[in-house]
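The values are calculated or read from the model by the stated rules, or taken from the named source; none is laboratory data. Not measured: the values here are computed from a predicted model. All Cβ positions, glycine included, derive from the backbone under ideal geometry; neighbour counts span all protein chains shown. Note: accessible area is taken over every heavy atom of the protein model, side chains too, but ligands, DNA and RNA are not part of it. Shrake-Rupley method; radii C 1.70, N 1.55, O 1.52, S 1.80 Å.
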Amino acid sequence: MRFNISALSLTIGLFWGGSILVVGLANLAWPGYGRAFLDLAASIYPGYRAGASIGQVAIGTLYGLVDGAIGGAVFGWLYNWLSQLLARPA
């Protein structure tokens, strides 16, 4: 079985960006909600500050979309490469 790298990349990008979006919006509504998660994202993404404003939520979401898409593409490529490598007869 092989992964469709484009579909996997898009799926993971949307999931990760959506996670940051939902938690960021919830944090604006209920301060303190998901603060550890948002602080972790802020420590990784330069220019993003956790829970500061709707603009910061948008920046974090965009970072998450791009980061997730790149990570999904790398994961899919690595999986396909290793599954092809290990499927060869000895």
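Go over the candidates 24, 60, 47 one by one and state the one that is farther than 30 Å from residue 82 by Cα, outside any helix (DSSP H, G or I), in contact with a helix residue (DSSP H, G or I) (Cβ under 9 Å, 6 or more places away or on another chain) and open to solvent by less than 90 Å² (accessible area, probe 1.4 Å).
47
Exactly one of (1) in contact with a Phe, Trp or Tyr (Cβ under 8 Å, 6 or more places away or on another chain); (2) open to solvent by 60 Å² or more (accessible area, probe 1.4 Å); (3) closer than 30 Å to residue 87 by Cβ is unmet by residue 10. Its number?
(1)
Condition (residue is among the charged types (D, E, K, R) and over 14 Å from the mean Cα position of the chain (by Cα)) applied to region 53-73: is it met by at least one residue?
Applying the first criterion (among the charged types (D, E, K, R)) to region 53-73 yields 67.
In the following step, the residues that additionally are over 14 Å from the mean Cα position of the chain (by Cα) were identified as none.
Taking every residue of region 53-73 in turn, none turns out to be among the charged types (D, E, K, R) and over 14 Å from the mean Cα position of the chain (by Cα).
Being touching a helix residue (DSSP H, G or I) at 6+ places or on another chain (Cβ under 9 Å) and among the acidic types (Asp, Glu) narrows it down to one residue among 39, 67; which is it?
Numbers: 39 fails: touching a helix residue (DSSP H, G or I) at 6+ places or on another chain (Cβ under 9 Å).
Result of the check over 39, 67: 67.
Report, ordered by the first and then the second residue, all pairs with beta carbons closer than 6 Å, sequence separation of six or more or different chains, a first member in region 59-70 that is closer than 17 Å to residue 6 by Cβ, and a second member that is open to solvent by less than 30 Å² (accessible area, probe 1.4 Å) and of a type in the set (Ser, Thr, Tyr).
Pairs found: 69/9.
Does residue 7 count as out of contact with any helix residue (DSSP H, G or I) (no Cβ under 9 Å at 6 or more places or on another chain), modelled with pLDDT of 95 or more, more than 15 Å from residue 58 (Cβ to Cβ) and of a type in the set (A, V, I, L, M)? Walk me through how you get there before you give the answer.
Details: out of contact with any helix residue (DSSP H, G or I) (no Cβ under 9 Å at 6 or more places or on another chain): no; modelled with pLDDT of 95 or more: yes; more than 15 Å from residue 58 (Cβ to Cβ): yes; of a type in the set (A, V, I, L, M): yes.
Taking the combined requirement at face value, the residue does not satisfy it.
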